[in-house]
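Right, one structure below, let's go through it.
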Amino acid sequence: MKDTHLTTEKFAIIHELLCLGGESTPHNLAKRIVFEPHSISAMLSRMEKDGLITKTKDLKKKHMVRIKLTQKAIELFPEALNTSLEIFTDLMKGVPREEKIRLTESLTHIRNKALTISPKKDKKLTPFKYT
């Protein structure tokens, strides 16, 4: 995703925020992806500096911060997604569809199993989808 200057981590955060309607709290975001809260916080600070998100104080809960995608992030995402899909397509060229589905299922199983042995078991991850 060098063309868009998005790291894989930033891409994942933008993707999850889009799944959440474009905004969320850092805590909710950390529960949805396999990053610890302190990692999310550092990444969000870099993303804010890059103009990909804005942070605002929650008006109802003063100690809580809300994050929202900027137009820049929304516009970068489709290009980054296309690049990601091109890379995936190249990697999977020649692999039969059934094997791709089994691979996705196996990786999902491993991810879910790893989360059960993790000290933090409250992750609500976006499911993998194979089309």
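The values are calculated or read from the model by the stated rules, or taken from the named source; none is laboratory data. Computed from a predicted model, the values in this text were never measured in an experiment. All Cβ positions, even for glycine, are placed from backbone atoms using ideal geometry, and neighbour counts span all protein chains on display.
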State yes or no: is Thr70 surrounded by 12 or more Cβ atoms within 10 Å (Cβ to Cβ), under 16 Å from Ile13 (Cα atoms) and not aromatic (Phe, Trp, Tyr)?
yes
Checking Thr104 against (1) assigned by TED's automatic domain parsing to the domain that holds Ser24; (2) surrounded by 10 or more Cβ atoms within 10 Å (Cβ to Cβ), which test does it fail?
(1)
All positions within region 34-50 that are closer than 14 Å to Thr70 by Cβ and exposed (fewer than 12 other Cβ atoms within 10 Å of the Cβ):
Lys49
